[in-house]
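Worksheet: the structure to be examined is printed underneath.
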Amino acid sequence: MNGPHDLGGQMGFGPVAPEPNEPYFHGDWEKRALGLTLSCGAMGHWNLDESRHARESIPPADYLSASYYEIWIRALDALLERHGFATHAELFDGAAPTPGTRPKRVLTAENVAGVLARGGPCDRPVDADPRFAPGARVRTRNFHPAGHTRLPRYARGKIGTVETVQGSFVFPDDNAHGKGENPQWVYTVVFDAAEIWGESAAPGLTISIDAWESYLEPV
Amino acid sequence: MSDHHHHDDHDHHHDNHYSDMQARVKALETLLTAKGLIDPAAIDAIVETYETKVGPRNGAQVVAKAWVDAEFRDWLTRDATAAIASLGFSGRQGEHMRAVFNAPDEHNLVVCTLCSCYPWSVLGLPPVWYKAPAYRSRAVMDPRGVLAEFGVTLPEDTRIRVWDSTAELRYLVVPERPAGTERLNEAALAALVTRDSMIGTGLALSPEALALQPEAAR
């Protein structure tokens, strides 16, 4: 979707503000927000792609004014409600807990180390050979899907060069919407800055994205 | 349209739900605990992991080893996930690692314009600026302007390569080894490797610059 999250090339956000000696968390609630997000994800009822789509579906004005942990919590509230773990009244009006969906798993303290160590690899085998080889010239598609995609707007309809075939991975545009993992080959595609930014391109700049095969067409 | 984009999404416009995040998150944790969906002790364990075990000192060890050990550097080039795992660093948000190497004529910079993808296994949790719109919007268009805000000025003829982490590959920048460090061992070299130098918004410190840094900043 053309959401507020798709920030490459937007302007007006001011300077980057690195914070000297930045703490890991700004307030205790951020710690709990991290742990809640990971714990609820570990229940196993939604995947990372659905989580990302829940975050980018936050209304633009809210998304852009929220801290990142607030974005996570807003998305988590939406996911819990969508999957029947909590009602709107429970989440926001202090209603007494109802039974709701039962989780496949509950993350316990003794399982945390193992779960974090395993992570969530999303490489998957595909039967077909890669359509493109390193050096191939490709054009990214110019599409505007209403659902999730990982092809940023600034890199749509642009000609670049395949640098590396990175392997085959779960396709997020489908996986975010419960349509299955449908893995595809992923390529690192490099663009000259002028192809993307035209006459305002910085000299000597190249930009790469990692693109699923169906984002690309031969040139 | 999303299968899930039903009416409930629109009920969430009441911003007052999020005006006090401390209260919002506490209420959510209380509710989910009461419903038996989460274990608060697991949250403690997650926080402890990222406060004390998984952070940029991991990545610094990888970089220092790549500086002194040509065989390791070659492995890191070919199979970064395995090479990094050999030092004990793997897992969540480091499942599919790639290392990219700065050179005298080329500088690498990593961003995630679409969200906050970051190599947790080697760098820990991302800093606020990495996840914020200013960095995500400008890194792909005006990297030199961004670098200037970190106090970094590269020679005019240095090429810049920006890696937008749009898939599940996670990038670790291997900065150039500072001059005058030939006699330092791996541990001393690792102390020169800052978090920002492994994102590409900084350079590795010279021993002189390290000596000038307050202890807390290291």
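Which one of the conditions (1) outside any loop (DSSP other than H, G, I, E, B); (2) surrounded by fewer than 22 Cβ atoms within 10 Å (Cβ to Cβ) does B:Pro178 fail to meet, given that it meets all the rest?
Result: B:Pro178 fails condition (1) only.
Does any residue in segment A:74-101 that is more than 7 Å from chain B (Cβ to nearest Cβ) come within less than 9 Å, Cβ to Cβ, of a residue that is in a loop (DSSP other than H, G, I, E, B) and among the basic types (Lys, Arg) six or more places away or on a different chain, and which pairs are these?
A:Thr98/B:Lys35; A:Pro99/B:Lys35
Since B:Val62 meets every condition but one in (1) away from chain A (no Cβ under 13 Å); (2) more than 14 Å from the chain's Cα centre (by Cα), which condition does it not meet?
Unmet for B:Val62, out of (1) away from chain A (no Cβ under 13 Å); (2) more than 14 Å from the chain's Cα centre (by Cα): (2).
List every residue pair whose Cβ atoms sit under 8 Å apart, with the two residues 6 or more apart in sequence or on different chains, where the first one lies in segment A:196-209 and is in contact (Cβ under 8 Å) with a residue 40 or more places away in the chain and facing chain B (nearest Cβ under 7 Å) and the second, anywhere, is part of a helix (DSSP H, G or I) and surrounded by 11 or more Cβ atoms within 10 Å (Cβ to Cβ).
A:Ile207/A:Ala155; A:Ile207/A:Ala193; A:Ile207/A:Ile196; A:Ile209/A:Ala155
Tell me the helices (runs of 4 or more DSSP H) entirely within segment A:1-120 that contain at least 2 residues that are among the basic types (Lys, Arg) and out of contact with any strand residue (DSSP E or B) (no Cβ under 7 Å at 6 or more places or on another chain). Break it down stepwise before answering.
Values: elements: A:28-41, A:48-56, A:60-65, A:68-82, A:88-92, A:109-118.
In segment A:1-120, the matching helices (runs of 4 or more DSSP H) lie at A:28-41, A:48-56, A:68-82.
Residues being surrounded by 14 or more Cβ atoms within 10 Å (Cβ to Cβ) and at the interface with chain B (Cβ under 7 Å from one of its Cβ atoms): count how many of those fall in segment A:7-25.
Here is the first cut: in segment A:7-25, the ones surrounded by 14 or more Cβ atoms within 10 Å (Cβ to Cβ) are A:7-10, A:13, A:16, A:18, A:24-25.
Filter again for at the interface with chain B (Cβ under 7 Å from one of its Cβ atoms), leaving A:7-10, A:13, A:16, A:18, A:24.
Final tally of qualifying residues: 8.
Going by the structure shown, is B:Gly55 surrounded by fewer than 21 Cβ atoms within 10 Å (Cβ to Cβ), on the phi > 0 side of the Ramachandran plot and either out of contact with any strand residue (DSSP E or B) (no Cβ under 7 Å at 6 or more places or on another chain) or within 7 Å of chain A (Cβ to nearest Cβ) (or both)? Let's see the steps before the verdict.
Details: surrounded by fewer than 21 Cβ atoms within 10 Å (Cβ to Cβ): yes; on the phi > 0 side of the Ramachandran plot: no; either out of contact with any strand residue (DSSP E or B) (no Cβ under 7 Å at 6 or more places or on another chain) or within 7 Å of chain A (Cβ to nearest Cβ) (or both): yes.
Here the answer is no, as B:Gly55 does not meet what is asked.
Answer yes or no as to whether B:Thr77 is among the β-branched types (Val, Ile, Thr) and in contact (Cβ under 8 Å) with a residue 12 or more places away in the chain. Steps first, please.
Details: among the β-branched types (Val, Ile, Thr): yes; in contact (Cβ under 8 Å) with a residue 12 or more places away in the chain: yes.
Considered against the rule, which asks whether it is among the β-branched types (Val, Ile, Thr) and in contact (Cβ under 8 Å) with a residue 12 or more places away in the chain, B:Thr77 comes out as yes.
For a quick check of your reading: which strands (runs of 3 or more DSSP E) sit entirely within segment A:156-219 and have at least 1 residues that are under 19 Å from B:Asn108 (Cβ atoms) and more than 17 Å from the chain's Cα centre (by Cα)?
In segment A:156-219, the matching strands (runs of 3 or more DSSP E) lie at A:159-169, A:184-192, A:205-212.
Each value in this text was obtained by applying a stated rule to the coordinates, not by laboratory testing. What you are looking at is a predicted structure, and each value in this text was computed from that prediction instead of being measured. All Cβ positions, even for glycine, are placed from backbone atoms using ideal geometry, and neighbour counts span all protein chains on display.
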